[in-house]
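Colleague: Below you will find the structure I want to go over with you.
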Amino acid sequence: MNNQIIVRARGLIFDRGHVLLTKAHKQPEYLYLPGGKVEVSEFSQEALVRELNEELGMNFSLDRFICCLE
């Protein structure tokens, strides 16, 4: 039994009235909010910016942190 907890950070990116969604690599028929795993000792906000930069190949900065859900 694996008791490991995986924490993910996702972001809403708005541009001119549109929301950015990305396709899942393993299941391209699904769309999701961009983001990914939070590494050990990394803040969710830092992980989100890192993942957005990695996934989308663009430089992002966090404008506003809205909430954290469990």
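The values are calculated or read from the model by the stated rules, or taken from the named source; none is laboratory data. Remember, predicted model here, so these are calculated numbers, not experimental data. All Cβ positions, glycine included, derive from the backbone under ideal geometry; neighbour counts span all protein chains shown. Just so you know, the surface numbers come from the protein's heavy atoms only, side chains and all, with ligands and any DNA or RNA stripped out. Shrake-Rupley method; radii C 1.70, N 1.55, O 1.52, S 1.80 Å.
Colleague: For the Cα atoms of the chain, what angle does the longest principal axis make with the long axis of helix 44-56, in degrees from 0 to 90, nearest 10?
Modeller: Approximately 60 degrees, to the nearest 10.
Colleague: Specify the longest stretch of the chain that does not include any exposed loop site, a site being one of the trypsin sites (Lys or Arg not before Pro) with a non-H, G, I, E, B DSSP assignment and at most 11 other Cβ atoms within 10 Å.
Modeller: Value returned for the longest uninterrupted segment is 27-63.
Colleague: Any idea which of G57, T22, G36 is furthest toward the positive side of the dipole for the chain, if Lys and Arg beta-carbons carry +1 and Asp and Glu beta-carbons -1?
Modeller: Positive-most Cα among the choices belongs to T22.
Colleague: What's the Cα-based Rg to Rh of the chain, Rh via Kirkwood?
Modeller: Result for the chain is an Rg/Rh of 0.98.
Colleague: Moving on to the next point. Per residue, how much accessible area does the chain show when a 1.4 Å probe rolls over the protein heavy atoms, in square angstrom?
Modeller: 89 Å²
Colleague: Related question: How high is the FRET efficiency between L56 and L31 when r is their beta carbon distance and R₀ equals 22 Å, given to the nearest 0.05?
Modeller: Computed FRET efficiency for L56 and L31: 0.95.
Colleague: Now for a separate question. Treating only the Cβ atoms of Lys and Arg (+1) and Asp and Glu (-1) as charged, compute the dipole magnitude of the chain about its Cα centre; round to the nearest 20 debye.
Modeller: 180 debye
Colleague: Further question: Please tell me the relative contact order of the chain in percent, rounded to the nearest whole number, where contacts are Cα pairs under 8 Å and at least six residues apart.
Modeller: Reported as a whole number, the value is 25 percent.
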